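Visitor: Have a look at this one before I ask anything.
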Amino acid sequence: MHETMVLNNYGIAKYFKVKDYPYIYRNLQMPSENFINEQLNKIKSLNGDIDRKLMRSLINNFTRATYSGEPIFHKGHNVECYSHSSSPLRRYSDAYGQYLIYDFIFKEKLDDMTFLNWDYRTKELVKYINKTKEENENFARQYNYLARKKLIKK
């Protein structure tokens, strides 16, 4: 089932890329090979005694997932472009993609005004989703820090 979802997300992204239609693409940036080697060497030098700082560094720097209005190579799945399209009940980006699919494929609304409208809205939504994701991650980091220090009152 997972393979079908990945194929669906890739296929839709590829279709919109080839047609040059606006779409929300999912991008996954992996750390550089140098970073990975540095972290592995640190772990090897600790003889199994991994400290919290190193673990936090590994978690925070391992991968960065963002959305974009431009198709970028998705390193995680090793495909030329990728989208989130298969779970519209879980993510707004998927639901938004369904609207684009409906208008561009099923309704075949391809006039210039519709295209420009979707293009503008897609770019704005990508900015909003990425900004909100970053704000949520910052909040979670701050909350977890305060919780570890037992500074949050019930």
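The values are calculated or read from the model by the stated rules, or taken from the named source; none is laboratory data. Keep in mind that what you see is a predicted model, and the values were worked out from it rather than measured. Every residue, glycine as well, gets a Cβ built from its backbone with ideal geometry; the counts of neighbours run over all protein chains shown. Heads up: the accessible areas ignore ligands, DNA and RNA and are worked out on the full protein's heavy atoms, side chains in. Shrake-Rupley method; radii C 1.70, N 1.55, O 1.52, S 1.80 Å.
Visitor: As a check on your grasp of the helix formula, calculate [θ] at 222 nm for the chain: sum -39500 (n - 2.57) over DSSP H runs of n ≥ 4, divide by the residue count, round to the nearest 500.
Guide: That calculation yields -19500 deg cm²/dmol at 222 nm.
Visitor: Then there's this: Would you mind counting up the charge near V126? Only other residues with Cβ under 12 Å from its Cβ, with Lys and Arg at +1 and Asp and Glu at -1.
Guide: +3
Visitor: Tell me, what is the 1.4 Å probe accessible area of D20, in Å² to the nearest 10?
Guide: About 110 Å², rounded to the nearest 10.
Visitor: At 7 Å along Cα-to-Cβ for each site, give me the label-to-label distance between K131 and D112 in nm.
Guide: 3.0 nm
Visitor: Using a 10 Å Cβ count of at most 14 others and DSSP loop calls, identify the longest part of the chain lacking such GluC sites (Glu not before Pro).
Guide: Counting at most 14 other Cβ atoms within 10 Å as exposed, the longest clean stretch of the chain is 1-79.
Visitor: Now, a different point. Give a residue-ordered list of calculated ³J(HN,Hα) values for the range 90-95 (Karplus: 6.51 cos²θ - 1.76 cosθ + 1.60, θ = phi - 60°; whole Hz; x for Gly, Pro).
Guide: 9, 10, 5, 4, 5, 5
Visitor: Restricting things to alpha carbons, find the Rg to Rh ratio for the chain using the Kirkwood radius for Rh.
Guide: Rg/Rh for the chain comes to 1.09.
Visitor: While we're on this one: Of S68, S86, which has the most accessible area with a 1.4 Å probe, and how do the rest follow in descending order?
Guide: S86, S68
Visitor: Keeping the other protein chains in place, figure out the carbon and sulfur percent of the accessible area of the chain, with a 1.4 Å probe.
Guide: Carbon plus sulfur share of accessible area: 55 percent.
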